[in-house]
Amino acid sequence: MKKNLYYKNVFGRRNGIKAFFYSLFISIASWPRLLLEVFTRSNMGERYFSFSSSIILTVILAIAPYAGEYSRNYGSVEVGKFLLHNLTWYAYLAAFMYFSIQRRKEIKTLPGVFDFKRFSLSGGVIDKRLTDLRFNGQKFNIRTLECLIEPAFFFIIGLGLLLLGQNIGYLITICSIIYSLSYCAAYDIGDNFIMDKIDEIICGEELTKDLKDDNDTSKSRGFNAYGRKPSDPELRKKTMDAMFENDGFEPAI
């Protein structure tokens, strides 16, 4: 596959700060997403879903409320008051572990990754009750489901539990917000990757026309070649050939 070196060096600049925060945000979103996705998704990829992470999260979250109450009350815990605000917390953890076990069982029955029959980082299949939702008679696309509908479902549940004075509401609400933003970030990265490829193709085509035929820039689809070019047509052709690098890989399309 030929790589457009001109595009890479002239136009291929990146917003380093934005890329850093995207990478950081998606990284820290792994556990918050896990805490919610086990309930609404099935058939996840074996490298996407981590049962060991489910166990670690359950242990940490089981200890956290008691440890917080213990420290706030200087070494004493009122059991009745504690259970009043945290009973749903432990009910949620029990449900979370149950669904995590179900997701683990599903993965064991899926086609083999090493046989090229399964994408190991698959985010799974969204619950049919959500994918069947309609607005004005139209189903939501996958992007809207992941960025808005799924997290909104959990956000409403979390908000309701907060209004009932249940601490688990804080966890679910915060996780739902992170869930939404992480998918928005992932889709934005994907959009920019596709636009990069489209722009690289346009750049290559218009640059070739410009160097080969001294193309009229008013018809170049908005592309403008920066830099001087040789006046001799043969030298322009040699320059054009040097602007592309072949990495030896051709995609199977």
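Since every read-out is calculated from the coordinates, none of them should be taken as a lab result. It should be emphasised that the depicted structure is a prediction, and the values quoted were computed from it without experimental measurement. Please note: Cβ atoms are built from the backbone with ideal geometry, for glycine as well, and neighbour counts cover all protein chains shown.
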Original post:
What order do you get for 191-202, 24-35 when each peptide is scored by the mean count of other beta carbon atoms within 10 Å, highest first?
Top reply: 24-35, 191-202
**OP:** State, as an integer percentage, the relative contact order of the range 44-123 based on alpha-carbon contacts under 8 Å between residues 6 or more apart.
**Re:** 59 percent
**OP:** Using only the alpha carbons of the range 44-123, determine the length spanned along each of the three principal axes and report them from longest to shortest in whole angstroms.
**Re:** 57, 18, 15
**OP:** Using Cα centres only, tell me the gap between the range 110-159 and the range 168-209 in whole Å.
**Re:** 17 Å
Subject >> Nearest-20 debye value, the range 44-123 charge dipole, Cβ charges on Lys, Arg, Asp, Glu >> reply: 260 debye
**OP:** Rank by packing, highest mean first: peptides 57-65, 79-87, with packing defined as the count of other Cβ atoms within 10 Å averaged across residues.
**Re:** 57-65, 79-87
**OP:** Starting with the highest mean, order 152-164, 168-180 by the number of other Cβ atoms within 10 Å, averaged over the residues of each peptide.
**Re:** 168-180, 152-164
Original post:
Where does the range 37-193 land on Rg(C-alpha)/(2.2 N^0.38 Å)?
Top reply: 1.21
**OP:** Using +1 at the Cβ of each Lys and Arg and -1 at the Cβ of each Asp and Glu in the range 44-123, identify which of 98, 111, 50 lies farthest towards the dipole's positive end.
**Re:** 111
